[in-house]
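Submitted below is the structure of interest, expressed as structure tokens.
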Amino acid sequence: MIKLLALCSSVFAAAIDSNGGLGVRFDNRPWVILYAIVFIALGILLIFFGLKLFRIMLFIVGFIFFSDLTSIIIDKADVYFDQGSLIRKAICFGVGILGGILARYVWRVGITLVGYLAGFQLALMTCTLKQGFFFENTTIYLIILIGCGLVGVVVVHMIEKPSLIVGTSVIGTFMIISSVDSLLRIALRFGDYSPAGFLLLLAGTGLGVAYQYHTTKELKYRDP
């Protein structure tokens, strides 16, 4: 475990150096710090215990999907709320809670969201490996993201248990990367060229898959 963390750290540092220095700009706004702490904790929970805590995992994934979707809709709507607006946060939080409850009690909806988010996030991080890809091919970029999300949906319904293990590990790792990115602003997710984020996603996913595979062999995860 220590060796893996050391390897990830060295890879991350090397990637930053090769990119000419990404520069850490710490965001000390209280709500950003709280967001980072909570989502890092939830990310760790998904990476190592996603399948074991099946119903809780479905709620978390449902909350993430619907709160993020609500945030995107607000951005596209005529009514504008600042990123730090309490009204905006309350709306996203409320819709996220309702979405989490839906995913938790209608488990097929929940695993569909797991497949979609995992495919979408894996494609997102993969696209960051090609410099300038987003800016030069925006339409293709979006088609790839949505298409990979839909592929994830199909796969999770075809081979459910292995896909849920991989999916929760991907989503949990992405949550941690996203939280660190929001806190330190080092462009791990949506940078023009971010090999560090991709390599960290692979490392976290691999660690989660290995751990969950060995701890859930006989698990009846859909039991209430």
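Can you run down the residue pairs with Cβ atoms below 7 Å, 6 or more apart or on separate chains, where the first is in the stretch 105-124 and over 15 Å from Ile165 (Cβ atoms) and the partner is open to solvent by 50 Å² or more (accessible area, probe 1.4 Å) and among the β-branched types (Val, Ile, Thr)?
Partner pairs satisfying both residue conditions: Ala123/Ile144.
Can you say whether Leu188 is open to solvent by less than 60 Å² (accessible area, probe 1.4 Å), outside any helix (DSSP H, G or I), of a type in the set (A, V, I, L, M) and at pLDDT below 90, as far as the supplied structure shows?
On the way: open to solvent by less than 60 Å² (accessible area, probe 1.4 Å): yes; outside any helix (DSSP H, G or I): yes; of a type in the set (A, V, I, L, M): yes; at pLDDT below 90: yes.
Criteria met by Leu188.
Residue-by-condition table, conditions (1) buried (at least 18 other Cβ atoms within 10 Å of the Cβ); (2) within 28 Å of Glu218 (Cα to Cα); (3) touching a strand residue (DSSP E or B) at 6+ places or on another chain (Cβ under 6 Å):
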{"position": "Arg108", "(1), (2), (3)": "no, yes, no"}
{"position": "Ile111", "(1), (2), (3)": "yes, yes, no"}
{"position": "Leu129", "(1), (2), (3)": "no, no, no"}
{"position": "Ile146", "(1), (2), (3)": "no, no, no"}
{"position": "Gly152", "(1), (2), (3)": "yes, yes, no"}
{"position": "Val155", "(1), (2), (3)": "no, yes, no"}
{"position": "Lys161", "(1), (2), (3)": "no, yes, no"}
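I would also like to ask the following. Can you work out which of the residues in the stretch 10-39 that are modelled with pLDDT of 85 or more and open to solvent by less than 50 Å² (accessible area, probe 1.4 Å) is farthest from Ser169 (Cα to Cα)?
That would be Ala36.
Quick test for you: out of Tyr116, Tyr141, pick the one residue that is aromatic (Phe, Trp, Tyr), modelled with pLDDT of 95 or more, out of contact with any strand residue (DSSP E or B) (no Cβ under 6 Å at 6 or more places or on another chain) and in a helix (DSSP H, G or I). Spell out how you get there, then give the answer.
Numbers: Tyr141 fails: modelled with pLDDT of 95 or more.
Matching residue, one of Tyr116, Tyr141: Tyr116.
Given the criterion at pLDDT below 95, out of contact with any Asp or Glu (no Cβ under 8 Å at 6 or more places or on another chain) and either surrounded by fewer than 20 Cβ atoms within 10 Å (Cβ to Cβ) or β-branched (Val, Ile, Thr) (or both), identify the matching residue among Leu51, Leu102, Leu7.
After ruling out the rest, the residue left standing is Leu7.
The values are calculated or read from the model by the stated rules, or taken from the named source; none is laboratory data. Since this is a predicted model, take the numbers as computed values, not measurements. Note: ideal-geometry Cβ built from the backbone for every residue, glycine included; neighbour counts use all protein chains shown. Note: accessible area is taken over every heavy atom of the protein model, side chains too, but ligands, DNA and RNA are not part of it. Shrake-Rupley method; radii C 1.70, N 1.55, O 1.52, S 1.80 Å.
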